[in-house]
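The structure appears below as structure tokens.
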Amino acid sequence: MVNILLLEIGDEVFVNENKGGKIVGFHKIVLSEGSCFRTGDCLPGIYRDPALAQVRMENSKVVDVYYNCLEVVDSREYIKRKKTTGYCGGKIIRRFPETLFCEGDKAQVKLESFEKIRNLVGEVIEGYSHRKPQMLCLGIDIGKEPEFDLDIFFVVSVNYLSNGHCTYNISDKPDNSHWHITVEEKDLRLLKHGEIWKVYHKK
């Protein structure tokens, strides 16, 4: 079995011990500040996933192959390589920009956005009213319905967009196991930074 930390684009490989091919890419992993906080010593961004390679086979078809199905052709070059750094050996492709809010922060809805957020929460409530009886019949408790007049929320995750901006998933609890709605930065006013922000900003 190959060491996933040492695979590189351009490596010629055997797939499942017999079919030949060449690595032309890797899948990507998105790591937010919260993910990095839980994972360990890494920076928020998009990383190369060394465990899942994209391999062009001899028939020119590109397929996804997990590292444990690969063997490298040039073993001498392979063993000379040094281990890479970062998430599970994955090389960072792009750093994420610093955001105003971070996972775990406490925020208040701005007055001008309150009606919009109220409607979003209302849609969640309507969904709960339809889903809850069905889920309870299956033995699944999806929790307490959200309150309608909330204006204080926790940021539970950050959505990084391709245009460099981001949106935020917010909920009435400081984790992502409950309901959430997605809002823009302009909808919120910061009340208090959480532990993750303090760690990354050394506060």
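None of the figures in this text is laboratory data; all of them are computed from the coordinates on show. Treat the numbers as computed from the prediction; the structure is a model and nothing was measured. Using ideal geometry, Cβ is built from the backbone for each residue, glycine included, and neighbour counts are taken over all protein chains shown.
Fewest neighbouring Cβ atoms within 10 Å first, the residues Ile93, Ile46 line up as Ile93, Ile46. Of Thr182, Thr167, the sequence from fewest to most neighbouring Cβ atoms within 10 angstrom is Thr182, Thr167.
Segment Leu191..Thr167, full-extension length gain: 6.9 nm, with 0.36 nm per residue of separation and the alpha-carbon distance subtracted.
Counting beta carbons within 10 Å around each of Ser60, Ser32 and listing the fewest first gives the order Ser60, Ser32. Each label was represented as a point 7 Å from its Cα along the Cα-to-Cβ direction; for Lys91 and Leu52 these points are 2.0 nm apart.
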